[in-house]
Amino acid sequence: MNLSIRNLTLPHNVLMAPMAGITNLPFRLLVRDFGCALAFTEMISANGLVRKTGKSYRFLNSSLKDKPLGVQIFGSDPAVLSEAARVVSDSGADLLDINMGCPVKKVVKTGAGAALMKNLGQVRLILRAVRKAVSIPLTVKVRSGWNRADMKALEIARIAEDSGIDAVIIHPRTADQGFSGNADWNVIEVIKKNLSIPVIGSGDVRGPEDAYNMLLLTGCDAVMIGRGALGNPWIFKNIISFLNGQKSFLPPFPSERERIIQYHMEMEINFWGERLGVRNFRKHLLWYTKGMRGGSLFREAVGKIDDKKAVLSELSRFFTQSLDMPNK
């Protein structure tokens, strides 16, 4: 099913969520290989972009194969966010997303992220200012609310539509939930019924049937995959196949899993350099080997290795000695 957001038309409606510390260029290129229709950068500080800090600009690193690209920014000042939006647009991004759902304390204490869900007046000022500043497709990502007693997702979604925002992304957990408990998909359904712009659902999509059920039960226009893609880039291919009628899947063969791990690590090393690339990749090794026999011993062995050759040696030993277990 095609998805159109303003003038951006995607071949289907299975997207990759922006994830801090995860969705850098190597990871985005990887999930695109498995069919992801739209991938996002990590969340970027609007202040950092305006002040031209190197760290913030590095998040914008992309390539010709990294298309279409969504960039997510966060902040609380309409003027700063507008200027950052222009920087993002000038960088060649295909879509801009404003984060109004991040529950992390260091973000919230600045009045950004989920803190904005407590300040609807500021939300309106921000969205109108950013919409005026750029012409590229513009989305906003929200949670259900600050807590169960303060559920503002629908009100913000209506403000977004009235402000000329092109789509709303909803992760139906409250800010105080973090990533605990269950996502309340009923919130997605309510928002979809009240908006005419696309609504993208996120939260608890861990496999093909979850994606199918979210689309069916909520009526949302697209699904966004977050933690379900960690160690499992195959999820995109499987969801797309499931939505096209294929109903059963086998986990990847051990040889395929090993090949993808090597490929992903090589991209991280090319991006960061060997030492930092290997260190950054160690968390992915945890996810790739979760649920596999002997995985905990393997992760203990590679947990402090910074050398590519040593990791590859441990990886080869692990896959030689292990039998893959079905994903859960």
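Are any residues in the stretch 220-240 touching an Asp or Glu at 6+ places or on another chain (Cβ under 9 Å) and assigned to a strand (DSSP E or B), and if so, which ones? V223, the sole residue that qualifies.
A Cβ distance below 6 Å, combined with a sequence gap of six or more or placement on separate chains, defines the contacts here; from the stretch 233-259, residues that are more than 22 Å from L216 (Cα to Cα) reach residues that are β-branched (V, I, T) and part of a helix (DSSP H, G or I) in the pairs P233/V31. When D66, D77 are checked against the criterion of being at pLDDT 95 or above and under 22 Å from R131 (Cβ atoms), a single residue qualifies: D77. Take R158 and tell me if it is closer than 26 Å to T9 by Cβ and out of contact with any strand residue (DSSP E or B) (no Cβ under 7 Å at 6 or more places or on another chain). Yes. Restricting the search to the stretch 60-101, which residues are touching a Leu at 6+ places or on another chain (Cβ under 9 Å), among the hydrophobic types (A, V, I, L, M, F, W, C) and assigned to a loop (DSSP other than H, G, I, E, B)? L60, A93, listed by residue number. Beta carbons closer than 6 Å, at least 6 apart along the sequence or on distinct chains, pair a first residue in the stretch 112-129 that is within 15 Å of A149 (Cα to Cα) with a second that is assigned to a helix (DSSP H, G or I) for A114/V108; A114/A175; A115/V108. Which one of these is surrounded by 21 or more Cβ atoms within 10 Å (Cβ to Cβ) and either over 30 Å from D176 (Cβ atoms) or of a type outside the set (D, E) (or both): V108, V104, V123? Matching residue, one of V108, V104, V123: V123. For K309, the requirement of being outside the structural domain of L60 (by TED's automatic domain parsing), closer than 19 Å to V31 by Cα and in a helix (DSSP H, G or I) is not met. Against the numbered list (1) surrounded by 14 or more Cβ atoms within 10 Å (Cβ to Cβ); (2) over 26 Å from the mean Cα position of the chain (by Cα), S255 comes up short only at (1). Do we have L138 as closer than 23 Å to N186 by Cβ and either acidic (D, E) or buried (at least 17 other Cβ atoms within 10 Å of the Cβ) (or both) here? Taking the combined requirement at face value, the residue does not satisfy it. Of the helices (runs of 4 or more DSSP H) lying entirely inside the stretch 110-219, those carrying at least 1 residues that are within 30 Å of D90 (Cα to Cα) are 120-133, 153-162. You will find that of D166, D210, D204, the residue that is in contact with a Lys or Arg (Cβ under 8 Å, 6 or more places away or on another chain), in the same structural domain as N13 (by TED's automatic domain parsing) and acidic (D, E) is D166 and no other.
Can you spot a residue in the stretch 69-88 that is within 21 Å of M224 (Cβ to Cβ), surrounded by fewer than 24 Cβ atoms within 10 Å (Cβ to Cβ) and in contact with an Asp or Glu (Cβ under 9 Å, 6 or more places away or on another chain)? For the stretch 69-88, residues within 21 Å of M224 (Cβ to Cβ), surrounded by fewer than 24 Cβ atoms within 10 Å (Cβ to Cβ) and in contact with an Asp or Glu (Cβ under 9 Å, 6 or more places away or on another chain): present. Can you tell me which residues in the stretch 7-21 are crowded, with 18+ Cβ neighbours inside 10 Å and either farther than 7 Å from E42 by Cα or free of Cβ contacts under 8 Å to residues at least 40 places away in the same chain (or both)? Passing the criteria: L10, H12, N13, V14, L15, M16, A17.
Only one of the listed residues (Y263, Y288) is of a type in the set (S, T, Y), within 23 Å of S62 (Cβ to Cβ) and either under 25 Å from the mean Cα position of the chain (by Cα) or crowded, with 19+ Cβ neighbours inside 10 Å (or both). That residue is Y263. Considering the stretch 1-53, and only residues there that are in a loop (DSSP other than H, G, I, E, B) and of a type in the set (S, T, N, Q), the residue that is nearest to G201 (Cα to Cα) turns out to be N13. The set of residues in the stretch 80-100 that are among the small types (G, A, S) and either out of contact with any helix residue (DSSP H, G or I) (no Cβ under 7 Å at 6 or more places or on another chain) or at pLDDT below 95 (or both) comprises S89, S91, G92, A93. May I ask you to list the residues in the stretch 165-206 that are buried (at least 19 other Cβ atoms within 10 Å of the Cβ) and small (G, A, S)? A167, A175, A183, G201, S202, G203, listed by residue number.
The values are calculated or read from the model by the stated rules, or taken from the named source; none is laboratory data. These numbers come from a predicted model, not from an experiment. With ideal geometry, Cβ positions are generated from the backbone for all residues, glycine too; neighbour counts draw on all protein chains shown.
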